[in-house]
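The values are calculated or read from the model by the stated rules, or taken from the named source; none is laboratory data. Since we're looking at a predicted model, the values are computed, not measured. Cβ sites come from the backbone with ideal geometry, for glycine too, and all protein chains shown count toward neighbours.
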Amino acid sequence: MAVAEGGRAGVVVRGARVPQFVDQPPCRTSVFDSAAGVRRVPDHWRSAAPRPRECRCVASIRGANVPPETKEKMMDSQFDTVVAAYERSMDEMPFREHVEAFSFLKAVGEVAACDVLDLGCGSGLYARRLCHAGAIRVLGMDESSAMVEHARRREEREGLGVEYLAADATDPATGALPGIAGRFDVVTAVYVLPYAPTRAALDGFCATARRALRAEGGRFVAAVLNPEFSTDPEWYRDYGMSLSARPSPVEGTPGHLRAWVGPDVLELDFFRWSRAAHEQALAAAGFDRITWIRPTVSEQGRARYGEAFWANYLACPHALIVDAQAGPRDEPPVDAPAKSIDSATDK
């Protein structure tokens, strides 16, 4: 099945797009050799490697332009299979738990007395974690109504109290919605800014984050693509990824990532933005203190896999964390009375 082209980037699972990307060492699965046009199995796993499962969802996430009949299929059982693969990666893939989640949640810090907005929440993975960490209120926002519905179904089963909203965070009006504007202490975003295909979209993400924070200020903590990630396709292999892009990036140029989750092969098209572009977008939105944080490995990860295993990644991580702080606003954000959270979820 063909995947609809155009719009913003998404992760492809043999024809399906899901948000963000997941990471797993590829040693136990086959990989696609683009030069040969075939799948190949690493020699040292040739006898044991399972055949990759072909997930033929035609779901398109994060704003790609697709016909209505395609969007309807996003909620079928195949779509749920893709989401399940993404969610289980946190438990099964060492990189996600011991580097990504460990570093990001450490950067976010204490949220027990906070209201938190999670931009690009996807299936709600980090929204749930923030809720478990004791946040007073957690709202997960994602442009994909299918992902939001999936997250809501899980919320109905678990009853954590997490709210979900389908809305476009690149739209400046989103940050002015009643129930969002000026209501949060912390805004988070994991692998969301790399989906910005234009500078206007990057500015929009940051503007929405600032408008959602309280008038007295707050923090926007985002896991973003490292502008200086390694373009060596083998550099991140041990961590379940293969990245490709131009060695000398131009602002907003696309790159590609392939990741392995058990028998599934996930692919992502992203957009590269420099540190300066991130900082300019954040400053324009009203953030005046910006800190770049390199990821680290949890003690459990070091003990289980050893220092040598993580050496390449720590030397040149594929992602960094941005902690952007904003002081008091001169004027409160202007709400948009014509739209509400309820109406936004129906669009």
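Take residue 282 and tell me if it is buried (at least 16 other Cβ atoms within 10 Å of the Cβ), in contact with a strand residue (DSSP E or B) (Cβ under 8 Å, 6 or more places away or on another chain) and more than 14 Å from residue 325 (Cα to Cα).
On the way: buried (at least 16 other Cβ atoms within 10 Å of the Cβ): yes; in contact with a strand residue (DSSP E or B) (Cβ under 8 Å, 6 or more places away or on another chain): yes; more than 14 Å from residue 325 (Cα to Cα): no.
Here the answer is no, as residue 282 does not meet what is asked.
Does the range 248-271 contain any residue that is modelled with pLDDT of 90 or more, of a type in the set (A, V, I, L, M, F, W, C) and under 15 Å from the mean Cα position of the chain (by Cα)?
Within the range 248-271, one or more residues are modelled with pLDDT of 90 or more, of a type in the set (A, V, I, L, M, F, W, C) and under 15 Å from the mean Cα position of the chain (by Cα).
Out of all the residues in the range 179-191, is one or more under 30 Å from residue 255 (Cβ atoms) and in contact with a Lys or Arg (Cβ under 8 Å, 6 or more places away or on another chain)? Explain how you work it out, then say what you get.
Looking only at the range 179-191, we keep the residues that are under 30 Å from residue 255 (Cβ atoms), and these are 186-191.
This time we only want the ones that are in contact with a Lys or Arg (Cβ under 8 Å, 6 or more places away or on another chain), so: 186-187.
Among the residues of the range 179-191, at least one is under 30 Å from residue 255 (Cβ atoms) and in contact with a Lys or Arg (Cβ under 8 Å, 6 or more places away or on another chain), which makes the answer yes.
Just to be sure, is residue 188 modelled with pLDDT under 95, buried (at least 20 other Cβ atoms within 10 Å of the Cβ) and β-branched (Val, Ile, Thr)? Walk me through how you get there before you give the answer.
Numbers: modelled with pLDDT under 95: no; buried (at least 20 other Cβ atoms within 10 Å of the Cβ): yes; β-branched (Val, Ile, Thr): yes.
No.
So how many residues does the range 110-158 have that are assigned to a strand (DSSP E or B) and surrounded by 23 or more Cβ atoms within 10 Å (Cβ to Cβ)?
Step one: filter the range 110-158 for residues assigned to a strand (DSSP E or B), giving 115-119, 137-142.
The next check asks that each one be surrounded by 23 or more Cβ atoms within 10 Å (Cβ to Cβ); those that pass are 116-119, 138-142.
So the count comes out to 9.
Which members of the range 266-294 meet the condition of being more than 23 Å from residue 213 (Cβ to Cβ) and among the hydroxyl-bearing types (Ser, Thr, Tyr)?
274
Go through (1) of a type outside the set (Lys, Arg); (2) farther than 17 Å from residue 317 by Cα; (3) assigned to a strand (DSSP E or B) and name the single condition residue 205 misses.
Unmet condition: (3).
At least 3 residues that are of a type in the set (Phe, Trp, Tyr) and within 19 Å of the chain's Cα centre (by Cα) in each: list the helices (runs of 4 or more DSSP H) lying fully within the range 273-327 that qualify. Talk me through it step by step, then tell me what you get.
On the way: elements: 275-285, 299-305, 307-315.
In the range 273-327, there are no helices (runs of 4 or more DSSP H) which contain 3 or more residues that are of a type in the set (Phe, Trp, Tyr) and within 19 Å of the chain's Cα centre (by Cα).
How many residues, within the range 232-242, are of a type outside the set (Gly, Ala, Ser) and not in a helix (DSSP H, G or I)? Full working, then the answer.
Taking the range 232-242 as the starting set, the residues that turn out to be of a type outside the set (Gly, Ala, Ser) are 232-239, 241.
After this cut, where a residue has to be not in a helix (DSSP H, G or I) as well, the list is 232-236, 241.
Number of matching residues: 6.
Do we have residue 231 as at pLDDT 95 or above and among the polar types (S, T, N, Q) here?
Working: at pLDDT 95 or above: no; among the polar types (S, T, N, Q): yes.
Here the answer is no, as residue 231 does not meet what is asked.
Among the residues of the range 243-261, which ones are part of a strand (DSSP E or B), farther than 17 Å from residue 320 by Cα and not aromatic (Phe, Trp, Tyr)? Steps first, answer last, please.
Taking the range 243-261 first, the residues part of a strand (DSSP E or B) are 243-244, 254-261.
So of that shortlist, the ones also farther than 17 Å from residue 320 by Cα come out as 244, 254, 256, 258-261.
Those that are part of a strand (DSSP E or B), farther than 17 Å from residue 320 by Cα and not aromatic (Phe, Trp, Tyr): 244, 254, 256, 258, 259, 261.
Here is a yes/no grid of residues against (1) in contact (Cβ under 8 Å) with a residue 40 or more places away in the chain; (2) surrounded by fewer than 21 Cβ atoms within 10 Å (Cβ to Cβ); (3) not β-branched (Val, Ile, Thr):
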{"residue": "223", "(1), (2), (3)": "yes, no, yes"}
{"residue": "230", "(1), (2), (3)": "yes, yes, yes"}
{"residue": "234", "(1), (2), (3)": "no, yes, yes"}
{"residue": "238", "(1), (2), (3)": "yes, yes, yes"}
{"residue": "241", "(1), (2), (3)": "yes, no, yes"}
{"residue": "245", "(1), (2), (3)": "no, yes, yes"}
{"residue": "250", "(1), (2), (3)": "no, yes, no"}
{"residue": "256", "(1), (2), (3)": "no, yes, yes"}
{"residue": "261", "(1), (2), (3)": "yes, no, no"}
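What tally of residues in the range 294-339 results from selecting those that are within 19 Å of residue 185 (Cβ to Cβ) and either modelled with pLDDT of 95 or more or surrounded by 16 or more Cβ atoms within 10 Å (Cβ to Cβ) (or both)?
Residues that pass the stated criteria total 9.
Return a yes/no flag: does the range 212-231 have any residue that is part of a helix (DSSP H, G or I) and either in contact with a strand residue (DSSP E or B) (Cβ under 6 Å, 6 or more places away or on another chain) or among the β-branched types (Val, Ile, Thr) (or both). Steps first, answer last, please.
Narrowing the range 212-231 to residues part of a helix (DSSP H, G or I): 212.
Remaining after also requiring either in contact with a strand residue (DSSP E or B) (Cβ under 6 Å, 6 or more places away or on another chain) or among the β-branched types (Val, Ile, Thr) (or both): 212.
Within the range 212-231, one or more residues are part of a helix (DSSP H, G or I) and either in contact with a strand residue (DSSP E or B) (Cβ under 6 Å, 6 or more places away or on another chain) or among the β-branched types (Val, Ile, Thr) (or both).
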